[in-house]
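J.: One structure coming up, written as structure tokens, with questions to follow.
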Amino acid sequence: MESLPPNYPAPAGQAALQTFLAFDYGTRRTGVAVGTRLLGTARPLTALQAQGKAVFALVEPLLAQWQPDALVVGLPFHPDGAPHANTELARRFMRGLHGRFGLPVFGVDERYSTTEALSQGADQAHVDAVSAAIILTQFLRNLE
């Protein structure tokens, strides 16, 4: 598994990674977005309604449809940057994605992504997917 610290460019040799799926992991809902390095943009797709390992069964068809080169997962932190219980849950989700699907997985600091999604006008039904798009856009901006 590969994990990027916040605001850190992708390791050398990662230029071949062009298409990404991003996840705003939650214990009840997980937002999903897709984006490309070429355009440097992301768009919200859906929110997966599943708990625990059941979410992976919902991820699989998205991987088949979009065929991403890598995955990005938002890592929640306290405002001061300290990890909390959900940080470890998101890291566990990252390990699960990598172990099940074998794709590179990158972690991105997702502090305030939900607040930003709401400020952009996302409603409760779409906030998780919009948050995933914000996370992916941040990641794409930091690629070299």
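A quick yes/no check of all residues on (1) part of a helix (DSSP H, G or I); (2) closer than 26 Å to G40 by Cβ; (3) modelled with pLDDT of 95 or more:
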{"position": "L71", "(1), (2), (3)": "no, yes, yes"}
{"position": "F77", "(1), (2), (3)": "no, yes, no"}
{"position": "M94", "(1), (2), (3)": "yes, yes, yes"}
{"position": "T114", "(1), (2), (3)": "yes, yes, no"}
{"position": "A122", "(1), (2), (3)": "no, yes, no"}
{"position": "L143", "(1), (2), (3)": "no, yes, no"}
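J.: Given the options L63, L103, L89, name the one that is open to solvent by 30 Å² or more (accessible area, probe 1.4 Å), more than 17 Å from S131 (Cβ to Cβ), of a type in the set (A, V, I, L, M) and not in a strand (DSSP E or B). Please lay out each step first, then the result.
T.: Values: L63 fails: open to solvent by 30 Å² or more (accessible area, probe 1.4 Å); L89 fails: more than 17 Å from S131 (Cβ to Cβ).
Of L63, L103, L89, the one residue that is open to solvent by 30 Å² or more (accessible area, probe 1.4 Å), more than 17 Å from S131 (Cβ to Cβ), of a type in the set (A, V, I, L, M) and not in a strand (DSSP E or B) is L103.
J.: Just one of (1) of a type in the set (A, V, I, L, M); (2) crowded, with 16+ Cβ neighbours inside 10 Å; (3) modelled with pLDDT of 95 or more trips up A57, so point out which.
T.: (2)
J.: Cβ-Cβ distance below 6 Å, separation of 6 or more or different chains: which pairs start in region 91-116 with a residue that is within 10 Å of V73 (Cα to Cα) and end on one that is open to solvent by 80 Å² or more (accessible area, probe 1.4 Å)?
T.: Correct list of pairs: V105/M1.
J.: Still on this structure, please answer the following. Hey, among the residues in region 124-141 that are assigned to a helix (DSSP H, G or I) and out of contact with any Ser or Thr (no Cβ under 9 Å at 6 or more places or on another chain), which one's least open to solvent (accessible area, probe 1.4 Å)? Even if it seems obvious, please write down each step before you answer.
T.: Taking region 124-141 first, the residues assigned to a helix (DSSP H, G or I) are 127-141.
If we keep only those that are out of contact with any Ser or Thr (no Cβ under 9 Å at 6 or more places or on another chain) as well, we get 139, 141.
Numbers: F139: 8, R141: 182 Å².
Among residues in region 124-141 that are assigned to a helix (DSSP H, G or I) and out of contact with any Ser or Thr (no Cβ under 9 Å at 6 or more places or on another chain), the one least open to solvent (accessible area, probe 1.4 Å) is F139.
The values are calculated or read from the model by the stated rules, or taken from the named source; none is laboratory data. What you see is a predicted model, and the numbers here were worked out from it, not measured in a lab. No Cβ is skipped: glycine too gets one built from the backbone with ideal geometry, and neighbour counts run over all protein chains shown. The accessibility values were calculated without ligands, DNA or RNA, using every heavy atom of the protein model including side chains. Shrake-Rupley method; radii C 1.70, N 1.55, O 1.52, S 1.80 Å.
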